[in-house]
Amino acid sequence: MGSSRVWNWLLLSALLVLLAFLPKLLSEFRLNLVITMLIYSLVAIGFNILLGQGGLLSFGHAAYFGIGAYSAMLVFKHFGFSLLPGILAGGICGALLGILFGIFLARLRGLPFALLSLAFNALVYAAAEKWRPLTGGEDGLAVRRPHLSIPGFGSINMFSTVNFYYFVLVIVALCVLYCWFFTKTPLGRLDTCMRENEERTGFIGYNTYATKLLVYVIAAFFCAIAGALSSSFQEFVSTAIINLDKSAEILILTFVGGRGIFWGPILGASFLTYLNDALSSLTQYWAIIQGAIFVVLVMYAPDGLAGLIVRTKNWLFDRVPIKKG
Amino acid sequence: MDWMALLPVQILHGLVYGMVLFLLASGLTLIFGMMDVLNFAHGAFYMLGAYFSYSVLVWTGQFWLSLILAPLGVGGLGVLVERIFLRKVHPYGHVPQLLLTFGIAYILEDVVKILWGTEPLKVKIPPLLSGSVSFLGGSYPTYRLFILLVSLSVFAFLFLMLFKTRIGIIVRAAVAKKEMVAALGFNVPVIFLLLFGVGSWLAGIAGVIGGPYLITHPGMGGSILVDLFVVVVVGGLGSIQGAMLAAILIGELQSFGVLFIPQFSLFLEFLLLAAVLILKPEGLLGEK
């Protein structure tokens, strides 16, 4: 137990050191890919609070990714927000929308939950499509990324990819750290408890409705933060970010990574982002390969890539009782 | 005054679109509604039906032959997919099913692009159905009335099959209490296999019929898939009558929504879904 803990910390520190020195190792072009990986890792981690920890299947998380993205762009454009307040505004708008939808969703579980979240997602999509003066519809909205101004320090130029990379890294790391601690909080434990049996959790005396609503809003907040990061990274946002394909993508990232292990979604988001990039430059028919990978994964690694790694580790290093011959 | 004359035609438009939706959703009612398999490849099966039918038409020129052969091909593929992949994943719940069928849909869509190209195809309607009939002082395309007829026959077939035959009783029992039916000596996995096959076969029929009405192109399955889930859920999981009711409702909503409130027609279908799920989560005609 003790030594495996040490190993975990060593691996984590190595990863952080690697991420910190990445701009020295990679070209600016490749760094863009890493930024995308980081952003999608945050989406998947936030989403897994519902899917893995809470056992709630949501088809509608692109709504939060999208509203975060749009809100950030709009406050940059109309109110001249600087970078950090803009990202926060995106997250808060996502949380507010989460409260609005959560009021209805928190009564449900299973398929009705999934389908109602899909309906809400479709409504948000339709609204973004039709409210053209505000959102630009499918033509989208292009706004330059503002600088990061820190009071008493000055402002940092965010047009440099390296600087923006560090900004995204810090934000994502803080959010992921919070999500990690969230799994240890009483509220996080209750989330898992309700996954196992919501009815009994209610009988013990917990308010399951409020718990689910709160958990839902937290997940929405982190998805919206990631959305805001994404649109300020692309300096562009269109309705493609809210459509149902995006919701499916978020779900797939999380599942492929492994919903049962905390760092699984990060692995899934990084792997699939990289795979998408590699395959689309390789062949026109990348969807066939991606489809085949999904099929193989579901058949042979139903607990995702992270599950595969953990199982391999156990297979190699587990103590096996020695048989007396 | 003008729209009063438009009214019957508009109702008929909505009805025909609703019937296409029902035709497509009927298979999903069996697969998703009854078997509880979250099948995202249903749209891809529908697309395959349309492409198979196109090829049979090109080779033989026989529409009626394609109406028989293409759905059988799709049904056969469905049987293979169930036996090889889904059966193994079924016990793990919805998310693995979703990803698996998503992967299969990805593969099928790209295979279609490789074999038939990405351009939309023009499927010819047989001469018998290509005219129009006079109707309430106006004229209406025969093909759309044919769609209505096919859809009603499928509805009748499913209804009689499920509720008036011994096979139907066994299928409904197997869906409700798997272990009990297995203990009575029935081969439950085979029942599910055939149910999935019939569902895919129905998607194939929808492809043959819907191909000329909507457009035959590689994205046709993905774009309509969500509407199908809406139909199945609004109607009530596993309820054939409910799916029919919901399909007609959504067809009319589309038809009149585009006419009266084009700005908001995009919202109507999902407002209906949200309202049903909030007020009556088991669906309009679903059982609790």
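The ratio of the alpha-carbon radius of gyration of the range A:178-254 to the globular-protein estimate 2.2 N^0.38 Å is 1.38. Eigenvalues of the alpha-carbon gyration tensor of the range A:27-243, scaled by 5 and square-rooted, set the equivalent ellipsoid semi-axes at 31, 20, 14 angstrom, largest first. For the range A:52-148, the spherically averaged projection of the C-alpha convex hull amounts to 6.9 nm².
Using only the alpha-carbon atoms of the range B:1-120 as identical scatterers, what base-10 log of I(q)/I(0) does the Debye formula give at q = 0.11, 0.12, 0.15, 0.18 Å⁻¹? Cα-only, vacuum Debye calculation for the range B:1-120: -0.49, -0.57, -0.80, -1.01. Set against the 2.2 N^0.38 Å expectation for a compact globular protein, the protein assembly as shown has a Cα radius of gyration ratio of 1.03. Global dimensions of the range A:187-320 from alpha-carbon coordinates: Rg and Dmax equal 18.4, 56 Å. Each Lys and Arg Cβ is given +1 and each Asp and Glu Cβ -1; about its Cα centre, chain B then shows a dipole of about 680 debye. Between A:Glu138 and A:Ser82, the distance separating the two model label sites (each 7 Å from Cα on the Cα→Cβ line) works out to 3.9 nm.
Considering every alpha-carbon pair of the range B:144-281, the percent of pairs per 5 Å bin, from zero through the bin containing the longest distance, is 2, 8, 14, 19, 19, 16, 11, 6, 3, 1, 1, 0. For the range A:253-278, the residues whose backbone nitrogen is under 19 Å from a point 7 Å from the Cα of A:Ala292, taken along Cα to Cβ, are A:272-278. Projecting label points 7 angstrom from Cα along Cα→Cβ for B:Lys88 and B:Ile125 puts them 4.5 nm apart.
Between B:Leu65 and A:Lys324, the modelled labels are 7.7 nm apart [label points 7 Å from Cα along Cα→Cβ]. One decimal place: the segment A:Leu25-A:Thr192 gains 56.1 nm when fully extended, by the rule 0.36 nm per residue minus the C-alpha distance. Translational diffusion coefficient of the range A:157-209 at 25 °C, 0.890 mPa s, Stokes-Einstein with Kirkwood Rh over Cα pairs, in µm²/s as a whole number. The Stokes-Einstein estimate is 182 µm²/s.
Restricting the calculation to Cα atoms, every distinct pair contributes to the Kirkwood radius of the range B:184-237, found to be 13.2 Å.
Across all directions, the average flat footprint of the convex hull enclosing the Cα atoms of the range B:219-288 is 4.9 nm². Remark on chain B: Rg and Dmax equal 19.0, 65 Å (Cα only).
For chain A, the dipole from Cβ point charges (+1 on Lys and Arg, -1 on Asp and Glu) about the Cα centre works out to 860 debye, to the nearest 20.
Values quoted throughout were computed directly from the atomic coordinates according to the rules given, and no laboratory measurement underlies them. Model, not experiment: these values are computed from the prediction. A quick note on method: Cβ atoms are made from the backbone with ideal geometry, for glycine too, and the neighbour counts reach across all protein chains shown.
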